[in-house]
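Following: one structure in structure tokens, then a few remarks.
Only the coordinates and a few stated rules stand behind these numbers; no lab work does. Note that the structure is predicted; figures quoted are calculated from it, not measured. Glycine gets a Cβ as well: all are built from the backbone with ideal geometry, and neighbour counts include every protein chain shown.
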Amino acid sequence: GYTKTAADQLTVDTNILVKTDNVSRFFALADDLSDPDSSMTSSLGMAIGTAERGKSHASKKYCEKNDTAVYTLYVDGFSRVQLLRNICHELAGTRPYSFGACVAIIAEFARVSRRLIIIDEADKCPLSILEMLRGINESCQVPILLVGEEALKGKVDSVPRLRSRIRKPICVFDNIKPGDVSVFYSASCGITLDPALVETLYRRSRGGFRTLVNEALALAKIARASGLN
């Protein structure tokens, strides 16, 4: 199905966003939390799913498209202040040194306009930091979207005051579908795949987007090295 000439270099654009059902649900939740007219009651969002399902990519793309949302990654071992400093850097381009100064910056920006803070890999956060984020959410009146693997839900559910503040519905990132494979290759490579090849690549991906992308990169490299179109 590849129709370009042999002189063309086959490349893979990994920066695209395939609007899967997962992504649509995630964007809908993020939009709901970001909406200035939406209630701040239960304004902690949660998006969970196995690794490779596209949670991080969707989070970053949402923030690229919406200047009212900021993205930060929780790194295992971060202290409360380290995480808040990173949030302040994304919000205001500054890194205050104290806990109180960080909270003041977040509160100041939240007073001006509704801002959504997306915390990736939140499943790695200890309960003390999740509790701190709940406090920031409540005291600063800023919505927060927690993104992580399935263990995040268990942690949140173990603390009633956390569980009660989770916005419904929770966004669950399921396995990718064969149609997502077709759309990805069409959008990223300009290639129309036949159904049998779609099924093969779908099975090999085991439901994960990262594997799908990595295989596309490998196949493009092989094609370029072999002079294949």
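Annotations for the structure displayed:
- Exceeding the 20 Å Cα-Cα cut-off - candidates 55/168; 60/155; 19/65; 65/155: 60/155; 65/155
- Packing-based ranking, highest mean first, of 217-224, 180-187 given that Cβ atoms within 10 Å are counted: 180-187, 217-224
- Overall form of the stretch 166-229 per C-alpha gyration tensor (a/c, 1.5; a/b vs b/c): prolate
- The angle between the Cα long axis of helix 21-34 and the longest principal axis of the Cα atoms of the chain comes to about 30 degrees, rounded to the nearest 10.
- Sequence-separation-based contact order of the chain, relative, with Cα cut under 8 Å and 6+ spacing, percent: 33
- Axis angle, to the nearest 10 degrees, between helix 99-112 and the longest C-alpha principal axis of the chain: 80 degrees.
- Cβ crowding within 10 Å averaged over residues, with 191-204, 146-159 ranked highest first: 146-159, 191-204
- In degrees, nearest ten, helix 209-226 long axis to first principal axis of the chain (Cα): 40
- FRET efficiency for the pair residue 31 and residue 92, taken as 1/(1 + (r/R0)^6) with r the Cβ-Cβ distance and R0 = 25 Å, rounds to 0.60.
- Straight-distance crosslink candidates among aspartates and glutamates, where the alpha carbon sits under 15 Å from residue 221 and sequence neighbours closer than 8 are dropped: 8, 13
- Label of the coordinate-derived value, Rg and Dmax of the Cα atoms in Å, listed as [x] 17.3, 51; [y] 17.3, 63; [z] 20.1, 61: [z]
- Computed [θ] at 222 nm, helices only, for the chain once each DSSP H run of length n ≥ 4 contributes -39500 (n - 2.57): -16000 deg cm²/dmol
- The separation of the stretch 156-171 from the stretch 8-71, counted between C-alpha centres, amounts to 19 Å.
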